[in-house]
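Notes follow the structure.
The values are calculated or read from the model by the stated rules, or taken from the named source; none is laboratory data. Quick caveat, the model's predicted, so the values are computed rather than measured. Backbone-built Cβ (ideal geometry, glycine too); neighbour counts: all protein chains shown.
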């Protein structure tokens, strides 16, 4: 059973426009959420995080929104740049003392110049 | 610079062979993890360790073994019992449970291919 789902395998966006990547989860016990960016043949790099006590967190061009009632989070990238082209993973963890993150299947973002 | 080093980058295994993937970190992180990435399946947790000499199974531990004799090192052995070992393996580390929003630091991965 996939507890963290990224239903869009791929997304294409024009340079300079907004990219919106979505993530849904099923476990209401999840308290911490992360977004990672991954280039081919490399390890993922941390982008931004949010806890369940907040509904928005912003870091430069990246903003994460959390809708707890809908069990949905999204990552907004504004403006999108060609270097943002990568696979993006969302991950979630419960505050159980052991922070095992469960990852979604990823969304491949392509930013067109 | 602090980070996580995985070696080798590419590894080829013959049928019936055990192989060991290396993971070393100099971040002074307490916890370490092994994930496996397959196309269309995201990252799946194999094993994790919160302290030296202790580790727990993740979601897909069958056919794998680990050890944590030193804080800096968390090697993964892929045994002959693993039926489909061809995949991209990622090692990660994190501080203790007081900083969950810091997330993990990942290594650059090892691609294992059965030949």
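Here are some notes:
- Qualifying residue in segment B:69-77 (condition: touching a strand residue (DSSP E or B) at 6+ places or on another chain (Cβ under 7 Å), on the phi > 0 side of the Ramachandran plot and part of a loop (DSSP other than H, G, I, E, B)): no
- Any hit, segment B:24-31, residues being part of a strand (DSSP E or B) and away from chain A (no Cβ under 11 Å): yes
- Which listed residue is within 24 Å of residue B:31 (Cβ to Cβ), surrounded by fewer than 20 Cβ atoms within 10 Å (Cβ to Cβ), within 15 Å of the chain's Cα centre (by Cα) and more than 11 Å from every other protein chain (Cβ to nearest Cβ), from A:59, A:24, A:31, A:84: A:59
- Filter result for the condition that a residue is modelled with pLDDT of 95 or more and surrounded by 14 or more Cβ atoms within 10 Å (Cβ to Cβ), over A:110, A:38, A:100: A:110
- Selection over segment B:3-21 of residues that are at negative phi and more than 14 Å from every other protein chain (Cβ to nearest Cβ) gives a count of 8.
- Condition broken by residue B:63, with the remaining ones in (1) without any contact (Cβ under 8 Å) to a residue 40 or more places away in the chain; (2) surrounded by fewer than 18 Cβ atoms within 10 Å (Cβ to Cβ); (3) touching a strand residue (DSSP E or B) at 6+ places or on another chain (Cβ under 6 Å) satisfied: (3)
- Segment A:34-56, subset in contact (Cβ under 8 Å) with a residue 24 or more places away in the chain and within 7 Å of chain B (Cβ to nearest Cβ), residue nearest to residue B:101 (Cα to Cα): A:34
- Any hit, segment B:47-56, residues being without any contact (Cβ under 8 Å) to a residue 40 or more places away in the chain and farther than 24 Å from residue A:92 by Cα: yes
- Qualifying residue in segment B:38-60 (condition: in a strand (DSSP E or B), more than 12 Å from chain A (Cβ to nearest Cβ) and crowded, with 16+ Cβ neighbours inside 10 Å): no
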